[in-house]
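Asks: Quick one: the structure is below, and I'll ask about it shortly.
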Amino acid sequence: MTTFADYYHHLKEFTEDLFLHPELGYKEHRTSNKVIEELKRINPQIEYSKFSETGVKTFLSTDKKKTLGFIAELDAVYAPTHFQADAETGAAHNCGHFTQVAIALSLYDHFVKTQSYNELDFNLCFIFIPAEEYLDLDFRKELRAAGKIQFLGGKPEAMSLGIFDDVDFGVCVHAIGEVFDRPTIEVNCDLAGFLYKRYHFSGKAVHAGFDPFSGINAYSISTLFNTAIGLSRQQFKDTESIRVNPIVMDSDMSTNVIPNHITVGTDLRCKTLEYMPEVARKLDRAAQGSAYALEGEVSIETEMGYLPFVQDRYLNSFVERTFAKFDKIPDIIDDRGGIAAAGDIGDLAFMMPCIQISYGGFEGTIHGDDFKMIDPEFVLETFPEFLAEVLKEMSGNLDEKKFYRRSFKEYKELIDSIGGNV
């Protein structure tokens, strides 16, 4: 029996509890408290710090030259139609973050019980971090306006607070949104970056029956804008995995009044920072042209979302080497290249080498209404055991010349320059 098998049944109950109590970003107070309680149960002598209200950081050692940060995300998605959504908040764990938390706890339990972290030639730091999902933005902007946060995303906010100043490389894990016949992991899957755009269309309200001729229909302008986006798609480079998903975010319409206001919001996802401003320009021109065509107006807000994530191939080589020797996981995906999903791990990877190892064990559609874990033994026992072997494989073999470090100041200058270009 391994420590992972010993811990499995307790962890399974803990994980199911997290699944049943999802919380949105910067609101994960119950989840954070549960994590702290479990860390203390595992290690009564634990020292930890909190950040961003719900974030938790703890070291197992601090005396080595390098430090690995193992990162787990606390938050859920806003998905009120998910079968296990919170009835009041609409939060649902249909992105699998609840299992990230569990996997991190399984590793922590293992290293505390075995004391084998002392054998590693790098320190181990566990970071449970809020607000990876880019949503509930009005609430987060209120926090920012009140001076409680600077960034809407959890990792950029933690970066600004210096949470990663004493960390040299990052490892994150993430659910794969596909169903597999056998236990499966994935490496080297890059993610897109994105901007967040809001288009505020305005027109002129008049009686829709008596005098529609004098009005300017803001809803019609937004419809024309959606049509323009659809016709623009053939002008987006296929290699850039462009994704836009315009939705109505705000309106105040009545059937007997020509609508004079509507807000359309969309992500603008793109694989490279170089092409992102070009797509933003096309969208802005489509909005401005639609407003001009129907004699209305539009104002445009642009918010930097997350940077593209390019996985560190050198660090992932240790994952691949471990897989070749680990007979409990039969399948690996190592040739997907990249997908148009995004995450703030891309922002952290600008500052230091980072990888995100993905794992199956779920069914349903990720971010969909039916997503759930179906292979808890693989996710909560076998996969953490594999990760421990990856860390052992890294120990004593890391080449410091392969590492890089950029400052938060450089990061801030980069994202400010992107905002200035769009």
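The values are calculated or read from the model by the stated rules, or taken from the named source; none is laboratory data. What you see is a predicted model, and the numbers here were worked out from it, not measured in a lab. Don't worry about glycine lacking a Cβ; one is built from the backbone with ideal geometry, like all the others, and counts go over all protein chains shown. All accessible areas refer to the heavy atoms of the entire protein, side chains included, with ligands and DNA or RNA removed. Shrake-Rupley method; radii C 1.70, N 1.55, O 1.52, S 1.80 Å.
Asks: Which of the aspartates and glutamates could a cross-linker span from residue 66 if the Cα-Cα distance has to be under 20 Å and same-chain partners fewer than 8 positions apart are dropped?
Replies: Within the straight-line limit of under 20 Å, residue 66 reaches these aspartates and glutamates: 47, 119, 121, 165, 166, 168, 312, 389, 393, 399, 400.
Asks: Sequence gap at least 6, Cα distance under 8 Å: using those rules, report the relative contact order of the range 241-310 to the nearest whole percent. Please report the intermediate quantities before stating the final value.
Replies: Details: 59 pairs, mean separation 18.6, N = 70.
For the range 241-310, the relative contact order is 27 percent.
Asks: Among 210, 128, 350, which one shows the highest mean-square fluctuation when the chain is modelled as a Gaussian network with alpha-carbon springs under 10 Å?
Replies: Highest fluctuation of the listed residues: 210.
Asks: Give me the Debye-computed log₁₀ of I(q)/I(0) at q = 0.11, 0.19, 0.21 Å⁻¹ for the range 165-322, equal point scatterers on Cα only, no solvent, two decimals.
Replies: Each listed q maps to, in turn, -0.60, -1.12, -1.25.
Asks: At 222 nm, what helix-only mean residue ellipticity would the chain give, in deg cm²/dmol to the nearest 500, using -39500 (n - 2.57) for each DSSP H run of four or more?
Replies: Numbers: 11 runs with 145 residues, N = 422.
So the helix-based figure for the chain works out to -11000 deg cm²/dmol.
Asks: While we're here: Seen from all sides and averaged, what is the projected area of the convex hull of the Cα atoms in the range 236-294, in nm²?
Replies: Details: hull surface 19.5 nm².
So the Cα hull casts an average projection of 4.9 nm².
Asks: Which ³J(HN,Hα) values, rounded to whole Hz and listed in residue order, are derived for the range 335-342 from phi using the Karplus coefficients 6.51, -1.76 and 1.60 in 6.51 cos²θ - 1.76 cosθ + 1.60 with θ = phi - 60°, glycine and proline given as x?
Replies: 3J(HN,Hα) across the range 335-342, in whole Hz: 9, 5, x, x, 9, 8, 5, 9.
Asks: On to the next question. Using only Cα atoms, find the angle between the long axis of helix 276-293 and the longest principal axis of the chain, and express it within 0 to 90 degrees, rounded to the nearest 10.
Replies: 20 degrees
Asks: In whole Hz, with x marking every Gly and Pro, tabulate ³J(HN,Hα) for the range 361-378 from phi via Karplus 6.51 cos²θ - 1.76 cosθ + 1.60, θ = phi - 60°.
Replies: With coefficients 6.51, -1.76 and 1.60, one gets x, 10, 9, x, 9, 4, 6, x, 7, 10, 6, 7, 7, 10, 10, x, 5, 5 Hz.
Asks: If you don't mind, there's one more thing I want to ask. Run the dipole for the range 372-422 about the Cα centre, Lys and Arg Cβ at +1, Asp and Glu Cβ at -1, nothing else charged, and hand back the magnitude in debye, nearest 20. If you can, show how the numbers build up before the last one.
Replies: Details: 8 positive and 11 negative charges, 89 e Å.
My answer is approximately 420 debye.
Asks: Here's another thing I want to ask about it. By how many degrees, 0 to 90 and rounded to 10, does the Cα axis of helix 383-394 deviate from the longest principal axis of the chain?
Replies: The answer is roughly 70 degrees.
Asks: Based on alpha-carbon centroids, what's the gap between the range 140-156 and the range 73-120 in Å, whole number please?
Replies: Here the two parts' Cα centres lie 22 Å apart.
Asks: A follow-up question, please. Pairs of Cα atoms under 8 Å, at least six residues apart: use those to get the relative contact order of the chain, whole percent. Please list the in-between numbers first.
Replies: On the way: 889 pairs, mean separation 89.4, N = 422.
So the answer I get is 21 percent.
Asks: Please go through the range 246-327 and write out the GluC sites (Glu not before Pro) that DSSP classes as loop and that have at most 15 other C-beta atoms within 10 Å.
Replies: Working: sites: 274, 278, 295, 297, 301, 303, 320; in loops: 274, 295.
The qualifying sites are 274, 295.
Asks: Evaluate the Debye formula for the range 136-190 with equal point scatterers sitting on the alpha carbons, no solvent, and hand back log10 of I(q)/I(0) at q = 0.15, 0.28 Å⁻¹, in q order, two decimals.
Replies: Results for the range 136-190 at q = 0.15, 0.28 Å⁻¹ read -0.69, -1.09.
Asks: Net charge within 12 Å of residue 377 by Cβ-Cβ distance, Lys/Arg positive one each and Asp/Glu negative one each, not counting residue 377 itself?
Replies: On the way: positive: 12, 328; negative: 375, 381, 385.
After counting each charged neighbour, the total is -1.
Asks: Whole angstrom only: what separates the Cα centroid of the range 172-191 from the Cα centroid of the range 320-367?
Replies: Centre-to-centre (Cα) distance: 5 Å.
Asks: Kindly sort 328, 412 by accessible area of their heavy atoms, largest first, with the probe set to 1.4 Å.
Replies: Details: 328 95, 412 70 Å².
Sorted by accessible area, descending: 328, 412.
Asks: On alpha carbon coordinates alone, what is the Rg over Rh value for the range 72-177, Rh being the Kirkwood radius? It would help to have the intermediate numbers written out before the result.
Replies: Numbers: Rg = 16.3 Å, Rh = 15.8 Å.
That ratio is 1.03, to two decimals.
Asks: Related question: Antiparallel as a % of all DSSP beta bridges within the chain, to the nearest 5?
Replies: Working: 43 of 67 bridges.
For the chain, the DSSP antiparallel bridge percentage is about 65.
Asks: Which of these values of Cα extents along the principal axes in Å was calculated from the structure shown: (1) 67, 49, 42; (2) 59, 54, 46; (3) 79, 45, 45?
Replies: (3)
Asks: Given a 1.4 Å probe and every protein chain left where it sits, what share in percent of the accessible area of the chain is carbon and sulfur?
Replies: It is 47 percent, rounded to a whole number.
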